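**Student:** Below you will find the structure I want to go over with you.
Quick note: the coordinates plus some simple rules give every number you see, no bench work behind them. Predicted model, so just to flag it, every value in this text is computed and none were measured. Note that we place each Cβ from the backbone using ideal geometry, even for glycine, and neighbour counts take in every protein chain shown.
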Amino acid sequence: MKDGEFEANHTQVNNKDRDITTRYSCHTWMSDGPLILCTEVGEIIVLDDDGSYMSFVPDSPMNDFKIEAIVSFSRGFIVAGNGLIYAYEKSEDPRALYRQITEPINVQMDSKDNNFGSHINFLITSLTLSHSEDYIYFITKSKQLLKVDIPLYDGSEQKSKVDFVHCCYHTSDITGLDVCIRKQLIVTCSRDRTVKIWNYVTKTLEISQTVPEDALAVAFHPSGFHVVVAIQDKITLYNVLSKCIQPFKNIQVKGCTEIKFSNGGHLFAAAYGSNATYVFNFYTNENPPNFQCKGHIQKVRAIDWFDDDMGFVSAGQGGDVFFWELLNVKEGSNRLTDKDFT
């Protein structure tokens, strides 16, 4: 039988003891010939290479446990679904050709010691086995690559340990990114309610912090000791510590979508509302009238400060680019209109 013959969404298997008609979810060929077929209700069925029914695995997960992934190894196969991993080996019992050899590994429960965070969805979508057959590598629905050690041979009762292969990535769209001027660090934020600080030289994740709501924008202070994060209803200023970021000030601003520190770090510009950019003093949080820069037709999408911090450039979603000089107020507008372009 060829793989292409199982490209339909369901299969029907008949024998004198069982009549199974259900949607299948995944399958794999064993090295010694049989085909292992898994269904959306947790059934594991063994078929001959011509598609005829051979056996039902009594130790199947069942209970409407949708098996999302399966991989074979030298003595059997491994299946996975919603946060659980089962391993089976070949049996000498003709009524049950395969039997479960380990207790189910609860990926979500075994990962609690690692402080993964509640934002990770542990639905396993694919898995594979290392060449030495001592580690399972798997991908979750929340776009994380993890590994777990599994005793397939020695019968060890040691608790399995779940860990990231590299680090915990964002599980949703990245909404903001900034590079620190004086340190080899990058900060990112996402709608998964996390802010992460990365070292781009060692290629490691240094800090991962949960914030109260979806993070919309983030900026790194040039010193590397502070970050500013915008969520739905406020802008929060954080101190960067060794293992976390600690909030110390809130500015009540709604819907900020872009933040940028000046090169000296004494000012930062925040774009919010329909067409404006507001400049704040980082140390006093003051926002005087001549620091309120309005004029774009649509939302501001990018901000870039002049080298001397005397002003900045803002680009709007409508394609207009404005130049602002904060110390040169002209008739209620501080734009350098001779340089603006659309």
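**Student:** Can you check what the net charge comes to around residue 317, using other residues whose Cβ is under 12 Å from the Cβ of residue 317 (Lys, Arg +1; Asp, Glu -1)?
**Tutor:** Values: positive: 299, 301; negative: 258, 320.
Surrounding charge for residue 317 is 0.
**Student:** Using 1/(1 + (r/R0)^6) with R0 = 35 angstrom and r between the beta carbons of residue 302 and residue 165, what's the FRET efficiency to the nearest 0.05?
**Tutor:** The computed FRET efficiency comes out at 0.55.
**Student:** Once the Cα gyration tensor of region 174-325 is found, what semi-axes does its equivalent ellipsoid get, as square roots of 5 times the eigenvalues, in whole Å, sorted largest first? Show your work: numbers first, answer last.
**Tutor:** On the way: eigenvalues 117, 53, 43 Å².
Three semi-axes, in Å: 24, 16, 15.
**Student:** Want the number for residue 321 to residue 75: 0.36 nm per residue separation, take away the alpha-carbon distance, what's left? Write down the numbers at each step before the final one.
**Tutor:** Values: separation 246, 0.36 × 246 = 88.56 nm, distance 6.47 nm.
Contour length minus the Cα-Cα distance gives 82.1 nm.
**Student:** I've got another one for you. Just flag the trypsin sites (Lys or Arg not before Pro) in region 176-248 sitting in loop per DSSP whose Cβ has no more than 11 other Cβ atoms within 10 Å.
**Tutor:** 203, 243
**Student:** Continuing with this model, one more query. Considering only the other residues whose Cβ falls under 10 Å of the Cβ of residue 217, what net charge follows from Lys and Arg at +1 and Asp and Glu at -1? Walk me through the numbers before you get to the answer.
**Tutor:** Working: positive: 260; negative: 178, 258.
Around residue 217, the surrounding residues sum to -1.
**Student:** Okay, moving on. Report, in debye and to the nearest 20, how large the dipole of region 275-317 comes out about its Cα centre when Lys and Arg carry +1 and Asp and Glu carry -1 on their Cβ. Before the final figure, lay out each step's value.
**Tutor:** Details: 3 positive and 5 negative charges, 75 e Å.
Dipole size: approximately 360 debye.
**Student:** Calculate the dipole size of region 174-325 relative to its Cα centre from +1 charges on Lys and Arg beta carbons and -1 charges on Asp and Glu beta carbons; express the result in debye to the nearest 20.
**Tutor:** On the way: 14 positive and 14 negative charges, 99 e Å.
In total the dipole reaches around 480 debye.
**Student:** Past 22 Å, Cα to Cα: identify those pairs from 234/294; 183/254; 161/183, in the order given.
**Tutor:** 183/254; 161/183, as the Cα separations exceed 22 Å there.
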